[in-house]
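As structure tokens, the structure follows; a few thoughts come after it.
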Amino acid sequence: MTRFEEELANEFGKAYCCFTGSGSTAIYLLLNAIDKRSQKVLFPATTCMAPINSAIYAGYEPIFCDVNLDDQTMNVDSLERMLDAYDVGVVVPIHLYGHVADIASITRVAKNKTADIFVLEDCAQYVRCGTADASILSFGHTKIFESGGGGGALLTNDETLYEKVTAEKNNLHTVRDYTEVKVRFENYRKKYYSIKNLPKEEQNQRLLSLQMESKDTFIYNLGEPLQILSILKNKKKIAERRNAKADLYRSHLKHPLISPSPVGKDDVCWRYSFLFLGNRDSFVEKVRKSGIDISTWYEAMYKFYSDQDDALFGNANLIERHVVNLWVDESKTKSEIRKDIDKLVSIAQESL
């Protein structure tokens, strides 16, 4: 390990760290290293496309399980059913929106099914690592520890695994100037949102094609952005500030149509998320017109990547139709959030 990687490993309580260009790259390298392509890799249905794309780039077939309605993380009962139905080699729980997935239960269920199942914990939207076989981090765009210079990492206590991942890393091209990454990503975003403006029935195949042609946007080596270490020295304060802003929403953003996700004692909000129980899309359109930045991530990913039955994903489909995300990062002050809350409540009232 480099000195930088040693400090990252120490910061997150792991023996080994392989620094990568992105969180997606870390997943890609790990999946190449363990080589379980003859088996499926299983994700929660509610997540972003990037980790799933990494699996496909590495030659894996993804399948999905449902998520919990309250915290949008992997549902253990659905996981167990999918493990019974498919030959799964890798399970990827995700701490979505900063909500902590139940890694202990997920690992227990997976290992009880087959001891060789690998559990890869995706902490891209979180601040700590758990007890999975390996964990990935992201320091990229909008992440809790956004560095401004990108980066990701794979962390593990397994020396042999670390050495395999490092060997895989040597096969990737290295980005010398992060501006190159930002240009590629901006071009990707433009294409992505142009597709999202199309009629719904035209979107899925074109979105999937965009993902498959965008490997170089997400998979690469990168020089070590040393500012990451100074950011991590403040990780406790960063977490406290984010949760304090989330507390403002939770305490004051109250309306019959707003169903907030509970924030657990170990959660650190990446976004403040809730379900809008009325016409979500109409609500979001009005909110954006009022000048508030708002998102509706994520769609139920099984629709893009597998032929699994809709009936298996009741929670993920409900979340897709109703989820709303609000910013709690440094771009929002507490006074701005208080003003936004008044607008949000007023717009919600119009929906009754």
Could you tell me which trypsin sites (Lys or Arg not before Pro) in the range 247-352 are loop residues by DSSP with no more than 13 other beta carbons within 10 angstrom of their beta carbon? K254, K265
At q = 0.07 Å⁻¹, work out log10 I(q)/I(0) for the chain with the Debye formula, treating every Cα as an identical point scatterer and leaving solvent out; two decimals please. -0.28
List the residues, sorted by chain then number, that are 5 or more residues from F118 or on another chain and whose placed amide H is less than 5 Å from its amide H. V90, V91
For the range 3-179, what does the alpha-carbon gyration tensor say about shape, rounded, prolate or oblate, given a ≥ b ≥ c as the root eigenvalues, a/c under 1.5 as rounded, and a/b over b/c as prolate? prolate
Candidates F313, F274, F185; GNM for the chain (alpha-carbon contacts under 10 Å) flags as most fluctuating F185
Least to most buried among H99, H173 (fewest other Cβ within 10 Å first): H173, H99
What dipole magnitude, in Debye to the nearest 20, does the chain give about its Cα centre under +1 on Lys/Arg Cβ and -1 on Asp/Glu Cβ? 1200 debye
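Can you give the local net charge around I347? Use residues other than it whose beta-carbon is closer than 11 angstrom to its beta-carbon, Lys and Arg +1, Asp and Glu -1. Before the final figure, lay out each step's value.
Values: positive: K286, R288, K289, K343; negative: E285, D340, D342, E350.
Result for the local shell: 0.
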When V92, V323, V345 are ordered from fewest to most other Cβ atoms inside 10 Å of their Cβ, what list results? V345, V323, V92
Extension length gain for N197 and A167 (0.36 nm per residue less Cα distance), in nm, is 6.7 nm
Between F145, L79, G314, whose Cα lies farthest towards the positive end of the dipole of the chain when Lys and Arg beta carbons carry +1 and Asp and Glu beta carbons carry -1, centred on the Cα centre? F145
Provide D307, D35 in ascending order of the number of other Cβ atoms located within 10 Å of each residue's Cβ, fewest first. D307, D35
To the nearest 500 deg cm²/dmol, what mean residue ellipticity at 222 nm is calculated for the chain from DSSP H runs of n ≥ 4 alone, each contributing -39,500 (n - 2.57), summed and divided by the residues? -14000 deg cm²/dmol
As a percent rounded to 5, the proportion of antiparallel DSSP bridges among beta bridges in the range 83-234 is 35 percent
Indicate the gyration tensor shape class of the range 205-352 (rounded, prolate or oblate), computed on the Cα atoms with a ≥ b ≥ c the square roots of the eigenvalues: a/c under 1.5 is rounded; otherwise a/b larger than b/c is prolate and the rest oblate. oblate
Centre separation in Å (Cα based) which lies between the range 42-105 and the range 138-202: 19 Å
Cα-Cα longer than 18 Å, checked against K143/K265; K164/K215; K191/K303; K196/K332; K169/K215; K245/K265, kept in input order, equals K143/K265; K164/K215; K191/K303; K196/K332
Report, in debye and to the nearest 20, how large the dipole of the range 3-179 comes out about its Cα centre when Lys and Arg carry +1 and Asp and Glu carry -1 on their Cβ. 240 debye
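Since every read-out is calculated from the coordinates, none of them should be taken as a lab result. Bear in mind that the values here come from a model prediction, so they are computed numbers and not experimental data. As a convention, Cβ positions derive from the backbone with ideal geometry for all residues, glycine included, and neighbour counts pool all protein chains shown.
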